[in-house]
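Here the structure comes first, spelled out in structure tokens, and everything after it is commentary.
The values are calculated or read from the model by the stated rules, or taken from the named source; none is laboratory data. Because the structure is a prediction, the values reported are computed rather than measured. With ideal geometry, Cβ positions are generated from the backbone for all residues, glycine too; neighbour counts draw on all protein chains shown.
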Amino acid sequence: MNGAFDVSPRARARIAGAVYIAAGATSLIGEMFVRGKLIVPGDPAATAVNILTHASLWRVGGVADLVAAAGDATLAVMFFVLFAGVSRPIALLAAFFRLTHVALLATITLLHFAPLAYLSTTAPLRGMSTPQLQAEAFALLRLHSIGYNIALFFFGLNCIALGYLIWRSSFLPRVIGAWLAIAGAAYVANSVVHFLAPAFGAQFFKYVLVPCGLGELLFIVWLIAVGLNEEKWKNQVSAASSGL
């Protein structure tokens with residue numbers, strides 16, 4: 001590696017941990033502290049009032065989603081660099097899954113901003129009453145929720161692939177790989193349940209929240225606090241390069 005990113009493997013791991021926690025924090029802003037607070041389930045009118053009353057906060061939530069997506073795209077590259085020496089095909093697959101997740105997040109951010117186009121108009125659009133505009137805006141938010149669960153499906157696959165890479169690596173603890181794979185499986189299961197049995201989706205997520213959060217948290221904390229074992233990382237990269 002040359003240029004500004006020409007740093008030690010341990011430093012790269014710690015930088016990845018910092019980017020990971022920043023991306024996670026910004027994603028929580030949009031999902032939990034903006035949409036989670038302003039959307040009123042089953043009530044388009046109340047949701048519309050909340051969005052218009054807190055329009056600036058709503059825009060901040062959308063920008064936070066974009067920042068989180070950019071952070072995840074960066075992580076896709078950083079993790080590929082860190083784990084290509086373990087298994088280049090699986091590292092590529094993990095990067096593909098994460099970038100698919102990013103592409104979906106960026107796309108559905110349009111659905112986050114779209115309700116403002118319906119609700120902030122000074123006069124109802126031709127042929128549409130205010131209640132109809134509110135219903136349209138609410139429908140877009142429903143599509144955003146569906147798209148978010150699709151994105152989490154691919155994020156879960158990324159976590160499973162990363163968990164496997166960590167388990168196979170010699171420079172990170174296997175327990176972190178196991179927990180991250182469990183977190184990924186929980187994300188995938190959550191999305192599947194939302195699509196196959198939507199009535200149970202919200203309840204199911206409460207049960208998978210702990211394994212999801214614990215798996216990612218362990219990985220982030222280890223990356224920031226410890227990084228990785230540089231000597232073992234270099235040995236594994238050297239062995240992969242020599243075809244051993």
Study note, to complete from the structure: Only one of Ser8, Ser56 is among the polar types (S, T, N, Q) and in contact with a Gly (Cβ under 9 Å, 6 or more places away or on another chain), namely Ser8
Study note, to complete from the structure: Flagged in the range 158-168 as crowded, with 21+ Cβ neighbours inside 10 Å and touching a Ser or Thr at 6+ places or on another chain (Cβ under 9 Å), in numbering order, are Asn158, Tyr164, Leu165
Practice item. Could you tell me whether Tyr164 is among the hydroxyl-bearing types (Ser, Thr, Tyr), in a helix (DSSP H, G or I) and modelled with pLDDT of 95 or more? Key: yes
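Conditions (1) of a type in the set (Lys, Arg); (2) over 18 Å from the mean Cα position of the chain (by Cα); (3) surrounded by fewer than 16 Cβ atoms within 10 Å (Cβ to Cβ); (4) part of a helix (DSSP H, G or I), marked per residue:
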residue	(1), (2), (3), (4)
Leu75	no, no, no, yes
Phe80	no, no, no, yes
Ile90	no, yes, no, yes
Leu93	no, no, no, yes
Phe96	no, no, no, yes
Thr107	no, no, yes, yes
His112	no, no, no, yes
Pro115	no, yes, no, yes
Leu133	no, yes, no, yes
Point to revise | Scan of the range 34-71 for residues that are buried (at least 19 other Cβ atoms within 10 Å of the Cβ) and touching a residue at least 60 places away in the same chain (Cβ under 8 Å), ordered by number | key: Arg35, Ile39, Pro44, Thr47, Ala48, Ile51
Exercise for review: Tell me which of these Val210 doesn't satisfy, since it passes every other one: (1) at pLDDT below 85; (2) in contact with a helix residue (DSSP H, G or I) (Cβ under 8 Å, 6 or more places away or on another chain).
Suggested key: (2)
Exercise for review: Go through the residues of the range 224-236 one by one and say whether even a single one is out of contact with any His (no Cβ under 9 Å at 6 or more places or on another chain), within 17 Å of Ala94 (Cβ to Cβ) and either among the aliphatic types (A, V, I, L, M) or at pLDDT below 90 (or both).
Suggested key: yes
Point to revise | Output for the range 179-217, where each listed residue is touching a Gly at 6+ places or on another chain (Cβ under 6 Å) and either of a type in the set (A, V, I, L, M) or farther than 16 Å from Tyr164 by Cα (or both) | key: Leu180, Ala181, Ile182, Ala183, Val188, Val193, His194
Check your understanding: Before we move on, is Ala48 part of a helix (DSSP H, G or I) and more than 20 Å from Leu140 (Cβ to Cβ)?
Key -> no
